[in-house]
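Engineer: One structure, as structure tokens, below. Some questions next.
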Amino acid sequence: MKSLFLTFILSISFFSNGQSLYIKTYGNEKNKAVIFIHGGPSGNATLFEGTTAQNLADLGFYVIAYDRRGEGRSTDPDAKFTFEEAFQDINSIYATYHLKKAIILGHSFGGLVATLYTNKYPQNVTALVLAGALFSQQETYDHILNTLKKKYHNDSEQLKKIDIVENLNKNSAEYRKGCYELAGENGFFKMPNPTAESKKLYADYEAGEFFKTNIRNKNAPLVFYQNEKQNNIDSRPFLKKIKAAGVPIYGIYGKDDGIFSSAQINSLKAITEKNNFAFLDNCSHYLFVDQQTAFLSKLKYWLK
């Protein structure tokens, strides 16, 4: 993994204020470009890079991974963490690599960034791929809390914890954090039966160079909720507009990703249509690691 990390030259895109954006490319620049947008706020692309980016490039894609401004390795104390700022970052990637069009691959919160960007700049996007991506935030929060209330219906202490979160301001970083912390504590993000492949991928990542740069900005969600007017987004109306504009939409999700209800998944499947949607067995939120072979196979089938 270390030699792989050193093989590729870090590319830097400069903002007008002198801050830099971490960007790294994999594969042949003549191939179809795929821009990976990581989760967050406070995330980074290290897990995708350390496990999947090169393997996707080996299938014939030009893979571009980056960390959003103020997150991960793109240090910027003046970052605003707004969607518009994220769009500027993406457009700087297009300019830096002279891209006319690219496939946008959004994971988790990155799926919201990817959807809103595609809605604003459909002419820049060859296809939109939602991978375990958020698309109806309040329904996700409700699903997490309702699932736990059923699970702990006889446990007064757990119900008290859930009630505290449920009564927070639903447009606050604290509410979002509380929901996801409860989900994490209860295994919502873990695949039920790790495979030999997934165990090796996670182990290699944790032993490698990318894990050492797994930088998290704990203030990012707080600043995001202070500065961004759009929160608790339901992006399905945008997805319908994107589809009507002629941009193909693909969805790939894990059947064991506990943050999505079956009703949510079915509503998204209705938008993408059956042939453009994959629901992976024994797979949770980090599907490009949990079931990497199936994940890459689907992307190759759809996008090549």
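Engineer: Just a yes or no: is a residue in the stretch 250-260 touching a residue at least 12 places away in the same chain (Cβ under 8 Å) and surrounded by fewer than 17 Cβ atoms within 10 Å (Cβ to Cβ)? Spell out the reasoning first.
Structural biologist: Here is the first cut: in the stretch 250-260, the ones touching a residue at least 12 places away in the same chain (Cβ under 8 Å) are 250-260.
Subset that is surrounded by fewer than 17 Cβ atoms within 10 Å (Cβ to Cβ): none.
For the stretch 250-260, residues touching a residue at least 12 places away in the same chain (Cβ under 8 Å) and surrounded by fewer than 17 Cβ atoms within 10 Å (Cβ to Cβ): absent.
Engineer: Report yes if some residue within the stretch 248-260 is touching a Ser or Thr at 6+ places or on another chain (Cβ under 6 Å) and of a type in the set (A, V, I, L, M, F, W, C); otherwise report no.
Structural biologist: Yes.
Engineer: Being within 30 Å of LYS151 (Cβ to Cβ) and of a type in the set (Asp, Glu): is that true of ASP256 here?
Structural biologist: Here the answer is yes, as ASP256 does meet what is asked.
Engineer: Take the residues in the stretch 44-71 that are of a type in the set (Gly, Ala, Ser) and in contact with a helix residue (DSSP H, G or I) (Cβ under 7 Å, 6 or more places away or on another chain); name whichever of them is farthest from LYS30 (Cα to Cα). Outline the logic, then answer.
Structural biologist: Taking the stretch 44-71 and keeping what is of a type in the set (Gly, Ala, Ser), we get 45, 50, 53, 57, 60, 65, 70.
This time we only want the ones that are in contact with a helix residue (DSSP H, G or I) (Cβ under 7 Å, 6 or more places away or on another chain), so: 50, 65, 70.
Details: GLY50: 23, ALA65: 16, GLY70: 30 Å.
Only one residue fits best here, namely GLY70.
Engineer: Let me ask something else about it. Against the conditions (1) surrounded by 15 or more Cβ atoms within 10 Å (Cβ to Cβ); (2) farther than 23 Å from ASP256 by Cα; (3) not basic (Lys, Arg), where does THR140 fall short? Just the number, please.
Structural biologist: Unmet condition: (2).
Engineer: Then there is this: Going residue by residue through the stretch 217-230, is there one that turns out to be more than 22 Å from ALA79 (Cβ to Cβ) and without any contact (Cβ under 8 Å) to a residue 12 or more places away in the chain?
Structural biologist: Checking the stretch 217-230: not a single residue is more than 22 Å from ALA79 (Cβ to Cβ) and without any contact (Cβ under 8 Å) to a residue 12 or more places away in the chain.
Engineer: Among the residues in the stretch 180-196, are any farther than 23 Å from ALA45 by Cα, without any contact (Cβ under 8 Å) to a residue 40 or more places away in the chain and surrounded by 15 or more Cβ atoms within 10 Å (Cβ to Cβ)?
Structural biologist: yes
Engineer: In the stretch 273-304, what count of residues is obtained for those that are over 21 Å from PRO192 (Cα atoms), without any contact (Cβ under 8 Å) to a residue 24 or more places away in the chain, assigned to a helix (DSSP H, G or I) and not aromatic (Phe, Trp, Tyr)?
Structural biologist: Here is the first cut: in the stretch 273-304, the ones over 21 Å from PRO192 (Cα atoms) are 273-277, 297-304.
Next cut, without any contact (Cβ under 8 Å) to a residue 24 or more places away in the chain only: 273-275, 297, 301.
So of that shortlist, the ones also assigned to a helix (DSSP H, G or I) come out as 274-275, 297, 301.
Adding the requirement that they be not aromatic (Phe, Trp, Tyr) leaves 274-275, 297.
Summing the residues that are over 21 Å from PRO192 (Cα atoms), without any contact (Cβ under 8 Å) to a residue 24 or more places away in the chain, assigned to a helix (DSSP H, G or I) and not aromatic (Phe, Trp, Tyr) in the stretch 273-304 gives 3.
Engineer: Find the residue count for the stretch 160-202, including only residues that are part of a helix (DSSP H, G or I), within 26 Å of the chain's Cα centre (by Cα) and over 26 Å from PHE224 (Cβ atoms).
Structural biologist: 7
Engineer: Quick check on my filter: what residues within the stretch 209-267 are of a type in the set (Phe, Trp, Tyr) and in a loop (DSSP other than H, G, I, E, B)?
Structural biologist: Across the stretch 209-267, the qualifying residue is only PHE260.
Engineer: Out of all the residues in the stretch 20-30, is one or more small (Gly, Ala, Ser) and modelled with pLDDT under 95?
Structural biologist: Within the stretch 20-30 (the criterion being small (Gly, Ala, Ser) and modelled with pLDDT under 95), the answer is yes, since at least one residue qualifies.
Engineer: Moving on to the next point. Which count do you get for residues in the stretch 24-52 that are in a loop (DSSP other than H, G, I, E, B), within 23 Å of THR118 (Cα to Cα) and small (Gly, Ala, Ser)?
Structural biologist: Going through the stretch 24-52 one residue at a time, the tally reaches 5.
The values are calculated or read from the model by the stated rules, or taken from the named source; none is laboratory data. All values reported here derive from a predicted model rather than from experimental measurement. As a convention, Cβ positions derive from the backbone with ideal geometry for all residues, glycine included, and neighbour counts pool all protein chains shown.
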